[in-house]
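First comes the structure, then the notes that go with it.
What follows draws every value from the coordinates through simple rules; no lab data is involved. All figures in this text were calculated on a predicted structure; none of them were measured in a lab. Using ideal geometry, Cβ is built from the backbone for each residue, glycine included, and neighbour counts are taken over all protein chains shown.
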Amino acid sequence: MINFNYEKTNVDFVQGYINKGRNYRESLIRYLSLYKQAKKGTELNEVYLFEPKKKAVGLVIILHGLGTKNISYIFKMGRYFSNFGVRAVIPILPENYTRTSNGSMSGKKYFSDSIDSILNTWEHAVVDILSLIDLLKINNLWHENNCMIGYCLGGMVSVLVNSLDSSIKHNFIVASGGNIADLIWNSPILEFARRDFLNQKDNKYYLNDKESLIQIFQQSLKNLNDFKSVGDVLTSEIHPLLKVDPAVYAKFIPKGKVTFLEAAFDLALPKSSKKILWENLGKPKRIVLPIDHITWLAFHRLISNIILNEMKFEGVGYQFLNLRYIARFQK
């Protein structure tokens, strides 16, 4: 049912410059998605490129969160990185912002609607990011000193992408979690999904049955040792939503390639959701900050400075961190 394959090709894109700063130029790149089952309104990829005016010393690919409100802050992160000579690439994920399907709401399709629609959305997002990596490599926009930064939904997608493609040097996961059943039924920001599912009758995938769905996920997540590869997951008989769950794919990413940035006062995600993703990633380095799921956006420079210091981009010195804002470093 789930298939992340696509036909690799040198895509024909258009690029227009839309803004510039003292040390960078900002452009919008658009091209047709290589995902064959794209819903109407999601067919066109939109990628924001923040290109340093001097030779780039590194590359960051930033995946935004669910919906629209966070994206303006993600753009600010892109501009901040490019001022240090680091090329920043921000793709708009399908079913978000300007890529929302006809008649839908930004972000909704990842956790609501029919099972086929949900799987289609996740599948589409993964294919778009994998093909974006190809595009960057083909068009001399790739840099070996690179990282991917994923916030919330973007963090979940980044885990799937990195389990399928080893090109990314390091993955920074910000305020994100796993176990989609736990998120659907216990996250306050997904109340819209619960309303939709409770209106469904006789759902064969138990989307309208909280206890059964959570129990199925808990049992399956205890038996991940049965899967030796991503292919084993995709061809298995587990619940379809588990096939797009980052908690399942986390084990396929080397622990040393991940830094987990956690918001200590994040009430949008259940603690159990954050915990299982971190544990399944092999308990990588974790930095816990005294902020919540939304307010970290106002501190985007703090997060960016942590990443700059971790990546050690050539010519970029240590960035001051106000330690009053850092609750704990845990390896």
Shape call for the range 246-326, from the Cα gyration tensor axes a ≥ b ≥ c (a/c under 1.5 means rounded, otherwise prolate when a/b beats b/c, else oblate), comes out oblate
Row for the range 196-266, column shape: gyration tensor on C-alpha, a ≥ b ≥ c, rounded if a/c < 1.5 i.e. under 1.5, prolate if a/b over b/c, else oblate; value oblate
Residues meeting the amide H criterion for ASN96 (H placed from the backbone, H to H distance under 5 Å, 5 or more places apart or on another chain) are GLY107
Note: probe point = Cα of PHE13 + 7 Å toward Cβ; backbone nitrogen < 16 Å; residues of the range 65-92 passing the test are 87-92
Amide H neighbours of VAL86 at under 5 Å, excluding residues fewer than 5 places away on the same chain, with H built from the backbone geometry, are VAL57
Residues whose built amide H sits under 5 Å from the amide H of ILE149, excluding neighbours closer than 5 in sequence, are ILE61, ILE62, LEU63, PHE172
GNM on the chain, Cα springs under 10 Å; top mean-square fluctuation among VAL316, VAL89, VAL127 goes to VAL316
The pairs in LYS8/LYS40; LYS53/LYS271; LYS108/LYS251; LYS20/LYS251; LYS204/LYS251 lying past 32 Å Cα-Cα in this model are LYS53/LYS271; LYS20/LYS251
Listed residues VAL288, VAL86, VAL174; largest mean-square fluctuation, Gaussian network over the chain with Cα springs below 10 Å, found at VAL288
Candidate cut points under trypsin sites (Lys or Arg not before Pro) in the range 198-278, DSSP loop plus at most 12 other Cβ atoms within 10 Å of their own Cβ, are LYS201, LYS204, LYS222, LYS228
Going residue by residue through the range 282-291, the Karplus relation 6.51 cos²θ - 1.76 cosθ + 1.60 with θ = phi - 60° gives ³J(HN,Hα) values, rounded to whole Hz and with x marking Gly or Pro, of x, 6, x, 3, 10, 10, 9, 10, x, 9
Most fluctuating of GLY178, GLY85, GLY21 in the GNM of the chain (C-alpha, under 10 Å) is GLY21
From the Cα centre of the range 186-238 to that of the range 21-85, the distance in Å is 32
For the range 39-147, the Debye formula with one identical point scatterer on each Cα and no solvent gives log10 I(q)/I(0) at q = 0.19 Å⁻¹ as -0.94
